[in-house]
Amino acid sequence: MYRGWLRHLGKVWMLLTYLFLYLPLCFMIVFSFNSTRQDAEFTGFSWRWYQALLEDSRIVDGFWLSVEVAALSAVASASMATLAAFVLVRYRRFWGRTVFSGMVHAPLVMPEVVIGLSLLLLMVGVQNVLGWPQRGMLTIVLGHTLLGMAYATVVIQSRLQDMDRTIEEAAMDLGAKPYQVFFLVTMPNILQAILAAALLSFTLSFDDVVISEFLSGPGVSTLPQVIFGYARRGINPTIYAAATILIVSVTLVTVTYSVWVARQARRREREIAAGQAAEPVGAS
């Protein structure tokens, strides 16, 4: 009986963990459709708070600003991280490599408060000298790009380390120039990692509050900032509706990407299997 209890202990622990993680989200989604402001009693199904959400210009503007900032920072982070990861993996020895690697990965272990404060001091200093940039969307994108680049570099770097280098060497033996090898051979092989890194950077940027608080200017607020500001004044079911839309959007993007990756993997396996099956015929 004791061994039977131990066998089910892991399942119970996993169930409790999932409940701890997802039960609050389910509670929030359910009460975003509540007909009243009651948080402890579901009084009836209603679209009332979603209609109120569309009429709240601060939330709507914050949502679209968050989408723009997240999209721009995701593209910038993935692009810069691809180059940084390529340099770190393909060039093992060059002057300043250790310092470069440390600077790229430093945001992973540095508190966001420190990153936000240091970037704020930098932006204010540059603005005092050059008169540009004003704190707003551009400074938020720069801050989020710095944070997203660190995470994206780790993702792309791990894929590059596992990539078969003989493919690149074969391309160079056939006369391809280094930039042709990079764009025609290396990039297609690490494309999934780049997309995953961009998706991760998008999510980090869309969710960020701390760095945005330091780098946003007057009248410029992302959706998490607006939600955080409303939460300070008390719970509003409109926040539940905004958070539910946020969860559904992120879930759809993640599921779509996962399905695409699974299909690509299955197609690659079929092509490899077809190639292996056709090899004896060609050899004969």
The answer for the chain, accessible area per residue at 1.4 Å probe in Å², is 63
Candidate span helices, the chain: DSSP H, at least 15 Å along axis from Cα coords, Kyte-Doolittle average at least 0.5, result 2-31, 57-90, 97-109, 112-130, 137-162, 191-207
Under a 1.4 Å probe, counting only protein heavy atoms, Asp61 has an accessible area in Å², nearest 10, of 100
For Tyr257, Tyr18, the accessible-area ranking with a 1.4 Å probe, largest leading, is Tyr18, Tyr257
Heavy-atom accessible area with a 1.4 angstrom probe orders Met187, Met172, most exposed first, as Met172, Met187
Taking 0.36 nm per residue of separation between Ser258 and Glu169 and subtracting their Cα-Cα distance, the length gained on full extension comes to 29.0 nm
The correct ranking of Asp208, Asp56 by accessible area at 1.4 Å, largest first, is Asp56, Asp208
From DSSP H assignment alone, runs of 4+ in the chain each adding -39500 (n - 2.57), the sum over residues rounded to the nearest 500 puts [θ] at 222 nm at -26500 deg cm²/dmol
The Cα extents of the chain along the principal axes, largest first and rounded to whole Å, are 75, 71, 42
Sparse-neighbourhood loop hits (GluC sites (Glu not before Pro), segment 1-95; DSSP loop; Cβ within 10 Å at most 13 others) -> Glu41
For Trp260, the accessible surface traced by a 1.4 Å probe with all protein chains present amounts, in square angstrom to the nearest 10, to 90
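The values are calculated or read from the model by the stated rules, or taken from the named source; none is laboratory data. Worth saying up front: this structure is predicted, and the values here are computed from it rather than measured. Here Cβ is always computed from backbone atoms with ideal geometry, including for glycine, and neighbour counts include all displayed protein chains. Ligands, DNA and RNA are excluded from the accessible area calculation, which covers all protein heavy atoms including side chains. Shrake-Rupley method; radii C 1.70, N 1.55, O 1.52, S 1.80 Å.
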